[in-house]
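Read the structure below first, then the notes.
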Amino acid sequence: MGGGAAGAGVTAIKFGFGNCGYEAGWDRAMMDAIRSAAGPEIDVMVDVGRRWTPEVAIERCQDLFERHGA
């Protein structure tokens, strides 16, 4: 395992604050930046604080999955 968070034993991170969940473009950009910084070995969780309807949740999660996988 490399350095950084993974090297310190971190296996997952969670984000959800500020503008998270309000605008799809912002969410994509934030997730791209977090995934890039965390690397593929760290799980990333998103907490949008109940801002999405079920339909929007499905749409956004499908988009994030297509971009970053599970």
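Quick look at the numbers
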| quantity | calculated |
| --- | --- |
| Helix 54-68 vs. the chain, principal-axis angle (Cα, 0 to 90°, nearest 10) | 30 degrees |
| Loop sites in the chain: chymotrypsin sites (Phe, Trp or Tyr not before Pro), DSSP, at most 14 other Cβ within 10 Å | F17, Y22 |
| 3J(HN,Hα) from dihedral phi, the stretch 16-24, Karplus parametrisation 6.51/-1.76/1.60, rounded to Hz, x for glycine, proline | x, 6, x, 7, 4, x, 8, 9, 4 |
| Segment I58-I34, extension gain: residue separation times 0.36 nm, minus the distance between their alpha carbons | 6.6 nm |
| About the Cα centre, charge dipole magnitude for the chain (Lys/Arg +1, Asp/Glu -1 at Cβ), debye | 160 debye |
| Pairwise FRET efficiency - E23 versus H68, Cβ, R0 = 22 Å, nearest 0.05 | 0.75 |
| Relative contact order %, the chain, counting alpha carbon pairs below 8 Å whose residues are six or more apart | 39 percent |
| Extension gain (nm, one decimal) between I42 and A8, 0.36 nm per residue minus Cα-Cα | 11.1 nm |
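Where a number appears in this text, it was derived from the coordinates with a stated rule and is not lab data. Keep in mind it's a predicted model, so treat the numbers as computed, not measured. As a convention, Cβ positions derive from the backbone with ideal geometry for all residues, glycine included, and neighbour counts pool all protein chains shown.
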